[in-house]
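Colleague: One structure is given below, represented as structure tokens, and several questions about it will come after.
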Amino acid sequence: MTGGQVRLERRFDKLLIANRGEIACRIIRTARRMGIATVAVFSEADRDSEHVSLADEAILIGPAPAAESYLDIDRIVDAARRTGAEAIHPGYGFLSENEQFALACLAAGIIFVGPPVEAIRAMASKSAAKMLMEKSGVPLVPGYHGVDQDPKTLAAAAERIGFPVLVKASAGGGGKGMRIAEDAAAMAGAIAAAKREAKAAFGDDHVLIEKFVTRPRHIEVQIFGDTHGNIVSLFERECTLQRRHQKVVEEAPSPSLSEAEREGICAAARAAGAAVGYTGAGTVEFVANEEGFYFIEMNTRLQVEHPVTEAITGLDLVEWQLRIASGEQMPLKQHEIVRSGHAFEVRIYAEDPQTGFLPSIGRIRRWRQPSVGGGVRIDSGFREGDTITPHYDPMLAKLIVSGGDRLQALDRLEDALSGFQVVGLKTNVAFLRALIAHPDVRAGRMDTGFIERHLPLLLGQGEAEPDPRDLAAATAAVISDERRAAASPWEVADGWMMVGQRRRRLVFDGAEAVLNYDRSGHSLTTELGTLPFRVNARPDGRLDVFYGDGKEVVAAIRSDCAIEISTARGSRSFTLSDPFASSEAVAADPGQLRAPMPGSIRQLLVSPGGRLKRGEPVLIMEAMKMEHTLNAPGDGTLIAFRYDVGDFVEEGTQLVEFESDGALA
């Protein structure tokens, strides 16, 4: 070891994974296959997480907040020293693109499984990266990448570029610190919001301005470099289906590129890597339309969506990372890298699409997933019984499918999504099923604004009544719960009777289901009519619900009057009306403004005493690394805020004193 440099021309025997969740589990499994011992780090919130149980060793690095655990460089490096780990893999997110972390590993004589510090530094600033790419001949979107961050300078740059523009955090990614300004009037708010979110997520509020390309497609190229000067590309991924600049569906190869266009964009990506002497795994991202493609950024790490590249190439990209970090040459030359078939990846999130995709917090009370194999793969770091906290990203799993062609892969994806059943919290599974079934998605007619334009349709909004099958499932949950609660056969409330008929009225959120009992069997009356009804408990805890001529497998959880059901069609929550509740019960006050999830108050947008119209922004909360704007619940006057900027509040907390047109909240 000379000049402070660590020699990589050796294989390491123990690897520390400085991450959590599915990526930590994935790295551990690959390392184990390669004969490398693993060390997991974990916060107090992750004591019982799957990555902790999978690793050969595990070490606590701090409390739940990421800033005091997974983002604490000193604690992670110390954990490597204490366990004798010779290398650290940062995964993605957290410290994966942090120059100071790479330097700390270097100073401690620990191999950093990632690019050299110089490459991280060059690409960490999107502004500096664009200047470098421009010199290297890589096409750029027109924009402002300067150091002057005065709002007047940024606004003038936007005027010069022409609206609409994208205000974008210079450091980081993942859709955080990004806002679209449609016109000059929206610039001040877009700049302030982007800077605030960038500072919170990356510790750097520097932003750049880019021309917002209309009807764009998002295409990225996977590259690899080794310490022997070789750089290759492993084809491209299409990541066009996005929401709030965060990827929702990824596929490979891109259905929008010709072979000539594919070679052109891959060549540009290799040129970008060569410009910074890149080693390890990296992703060069482009925005494209019918006029061409333009460089937007380079991620100096493994991407969440890397499994779709693995699916079409048959390669293990984590293995490539570990081999290159050991000083080996690239496993394959460019002409030896071939692709076959088509692959998709979707991200299963703990979030509620019906409430603006707010994160869903709670315990996974039941988890069922489709069978893997036959072109289906699932990467997850969660199990039944785990708790989703507000401290980290709410991604539960990645579902990856492959097929001989795009349509076969789409069909497999739809089938696999129907096999997910998660009870205990909300998920985006039903939303994903609606998205991939859309005829334009199946035909490949997409751009990055597709989801926002079609959101009401994808969410199934406008359905006044619940599906009668959901009422049947909820009814089955009530019956099953009562059977389990019975202390003896004589207490089973299943409606059996020797003679006559009996009816039982159940009301779920105002929707009525009438269960009819007689000697010949049961039936259920809903808006669909009266159909035969029967429910059987399965050994795995789920229910077979026979309704009419059909049968569904239902996962259900009941807690008092709250019922959560999950079927192949998706998940839904109901509240069972209590027939003994007081008729004087007061309905929820429309003047209340409560925290929709645990989080921190980030900004107060109005002053006490001011008049508000329904829907006007009142304050901004931050939860799971994203900002959420809360709006006035009605017309009225804001009397006072109950919490200040920086305060952490629990879900359901009343945030303001608000005098609506009639009452004080």
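The values are calculated or read from the model by the stated rules, or taken from the named source; none is laboratory data. The structure presented is a predicted model; accordingly, all values stated were derived computationally and were not measured. In this analysis, Cβ positions are derived from the backbone assuming ideal geometry, glycine residues included, and neighbour counts consider all displayed protein chains. These area figures cover heavy atoms from the full protein model, side chains too; ligands, DNA and RNA do not enter into them. Shrake-Rupley method; radii C 1.70, N 1.55, O 1.52, S 1.80 Å.
Colleague: Just to verify a result, which residue in the range 63-89, among those that are in contact with a Phe, Trp or Tyr (Cβ under 7 Å, 6 or more places away or on another chain) and of a type outside the set (A, V, I, L, M), is nearest to Pro394 (Cα to Cα)?
Modeller: It comes out as Tyr70.
Colleague: Exactly one of (1) assigned to a loop (DSSP other than H, G, I, E, B); (2) surrounded by fewer than 19 Cβ atoms within 10 Å (Cβ to Cβ) is unmet by Arg82. Its number?
Modeller: Condition (1) is where Arg82 drops out.
Colleague: If I filter the range 510-568 down to residues being surrounded by fewer than 16 Cβ atoms within 10 Å (Cβ to Cβ), within 32 Å of the chain's Cα centre (by Cα) and among the acidic types (Asp, Glu), which single residue comes out as nearest to Ile364 (Cα to Cα)?
Modeller: Asp540
Colleague: Just name the residue that is surrounded by the most Cβ atoms within 10 Å (Cβ to Cβ) out of those in the range 43-55 that are over 15 Å from Ile88 (Cβ atoms) and free of Cβ contacts under 8 Å to residues at least 40 places away in the same chain.
Modeller: Start the filter on the range 43-55 by keeping residues that are over 15 Å from Ile88 (Cβ atoms), which leaves 43-50, 52-54.
The next check asks that each one be free of Cβ contacts under 8 Å to residues at least 40 places away in the same chain; those that pass are 44, 46-47, 52-54.
Values: Glu44: 14, Asp46: 27, Arg47: 10, Val52: 21, Ser53: 12, Leu54: 19.
Out of the qualifying residues, it is Asp46.
Colleague: Can we say Ala66 is surrounded by fewer than 22 Cβ atoms within 10 Å (Cβ to Cβ), at pLDDT below 95 and hydrophobic (A, V, I, L, M, F, W, C)? Full working, then the answer.
Modeller: On the way: surrounded by fewer than 22 Cβ atoms within 10 Å (Cβ to Cβ): yes; at pLDDT below 95: yes; hydrophobic (A, V, I, L, M, F, W, C): yes.
Yes: the conditions hold for Ala66.
Colleague: Could you say whether any residue in the range 395-414 is open to solvent by 50 Å² or more (accessible area, probe 1.4 Å), over 18 Å from Lys247 (Cβ atoms), in contact (Cβ under 8 Å) with a residue 60 or more places away in the chain and assigned to a strand (DSSP E or B)?
Modeller: no
Colleague: While we're here: Looking at the range 640-649, which of the residues that are surrounded by 15 or more Cβ atoms within 10 Å (Cβ to Cβ) and modelled with pLDDT of 90 or more is farthest from Ala67 (Cα to Cα)?
Modeller: For the range 640-649, the residue satisfying everything is Phe641.
Colleague: Hey, among the residues in the range 615-632 that are at pLDDT below 85 and not acidic (Asp, Glu), which one's most open to solvent (accessible area, probe 1.4 Å)?
Modeller: Quick first cut of the range 615-632, residues at pLDDT below 85 only: 615, 622-628.
Adding the requirement that they be not acidic (Asp, Glu) leaves 615, 623-626, 628.
Details: Gly615: 42, Ala623: 6, Met624: 8, Lys625: 77, Met626: 18, His628: 17 Å².
Only one residue fits best here, namely Lys625.
Colleague: In the range 248-264, which residue that is within 27 Å of the chain's Cα centre (by Cα) and aliphatic (A, V, I, L, M) is farthest from Val232 (Cα to Cα)?
Modeller: Here is the first cut: in the range 248-264, the ones within 27 Å of the chain's Cα centre (by Cα) are 248-257.
Okay, now just the ones that are also aliphatic (A, V, I, L, M), so 248-249, 252, 257.
Working: Val248: 27, Val249: 25, Ala252: 17, Leu257: 19 Å.
Once the filter is applied, the top-ranked residue is Val248.
Colleague: OK, next. Hey, can you tell me all the residues within the range 408-446 that are in contact with a strand residue (DSSP E or B) (Cβ under 6 Å, 6 or more places away or on another chain) and not β-branched (Val, Ile, Thr)?
Modeller: Across the range 408-446, the qualifying residues are Ala409, Arg412, Leu413, Ala416, Gln421, Gly424, Leu425, Lys426, Asn428, Ala430, Leu432, Met446.
Colleague: Give the range 294-324 a look and list any residue that's touching a strand residue (DSSP E or B) at 6+ places or on another chain (Cβ under 7 Å), open to solvent by less than 10 Å² (accessible area, probe 1.4 Å) and either free of Cβ contacts under 8 Å to residues at least 60 places away in the same chain or more than 21 Å from Ala272 (Cβ to Cβ) (or both), or say none.
Modeller: Pro307, Ile312
Colleague: OK, next. Among the residues of the range 128-156, how many are assigned to a helix (DSSP H, G or I) and crowded, with 19+ Cβ neighbours inside 10 Å? Talk me through it step by step, then tell me what you get.
Modeller: The first filter runs over the range 128-156 and keeps only residues assigned to a helix (DSSP H, G or I), leaving 128-135, 151-156.
Retained after the next criterion (residues that are crowded, with 19+ Cβ neighbours inside 10 Å): 129-130, 133, 154.
Going through the range 128-156 one residue at a time, the tally reaches 4.
Colleague: Can you name the residue in the range 360-390 that is in contact (Cβ under 8 Å) with a residue 60 or more places away in the chain and among the aliphatic types (A, V, I, L, M) and, of all such residues, is surrounded by the fewest Cβ atoms within 10 Å (Cβ to Cβ)?
Modeller: Only one residue tops the list, namely Ile364.
Quick grid of which residues meet (1) crowded, with 17+ Cβ neighbours inside 10 Å; (2) under 30 Å from Gly444 (Cα atoms); (3) out of contact with any helix residue (DSSP H, G or I) (no Cβ under 6 Å at 6 or more places or on another chain); (4) free of Cβ contacts under 8 Å to residues at least 60 places away in the same chain:
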position	(1), (2), (3), (4)
Val165	yes, yes, no, yes
Met187	yes, no, no, yes
Gly203	no, no, yes, yes
Arg217	yes, yes, yes, no
Thr227	yes, no, yes, no
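Colleague: Which one is farthest from Asp352 (Cα to Cα), of the residues in the range 550-574 that are in contact (Cβ under 8 Å) with a residue 12 or more places away in the chain and not in a strand (DSSP E or B)? Don't jump to the end; show me each part of the working.
Modeller: Applying the first criterion (in contact (Cβ under 8 Å) with a residue 12 or more places away in the chain) to the range 550-574 yields 550, 552-558, 561-574.
From the residues that got through so far, the ones that are not in a strand (DSSP E or B) too are 561, 568-569.
Numbers: Cys561: 20, Ala568: 17, Arg569: 15 Å.
Per the criteria, the residue is Cys561.
Colleague: Contact list please: Cβ distance under 7 Å, first residue in the range 67-79 and assigned to a loop (DSSP other than H, G, I, E, B), second residue surrounded by fewer than 17 Cβ atoms within 10 Å (Cβ to Cβ), pairs at least six apart or on different chains.
Modeller: Ser69/Pro63
Colleague: Among (1) over 28 Å from Leu543 (Cβ atoms); (2) modelled with pLDDT under 90; (3) among the hydrophobic types (A, V, I, L, M, F, W, C), where does Ile361 come up short?
Modeller: (1)
Colleague: Read through the list (1) out of contact with any strand residue (DSSP E or B) (no Cβ under 7 Å at 6 or more places or on another chain); (2) at negative phi, then give the number of the only condition that Ser43 fails.
Modeller: Condition not satisfied by Ser43: (1).
Colleague: To continue, here is another question. Taking into account only those residues within the range 507-562 that are among the acidic types (Asp, Glu) and modelled with pLDDT of 85 or more, which is farthest from Ser577 (Cα to Cα)? Talk me through it step by step, then tell me what you get.
Modeller: The first filter runs over the range 507-562 and keeps only residues among the acidic types (Asp, Glu), leaving 509, 512, 518, 527, 540, 544, 549, 552, 560.
Checking the rest, the ones that are also modelled with pLDDT of 85 or more come to 512, 544, 549, 552.
Working: Glu512: 10, Asp544: 24, Asp549: 28, Glu552: 24 Å.
The qualifying residue farthest from Ser577 (Cα to Cα) is Asp549.
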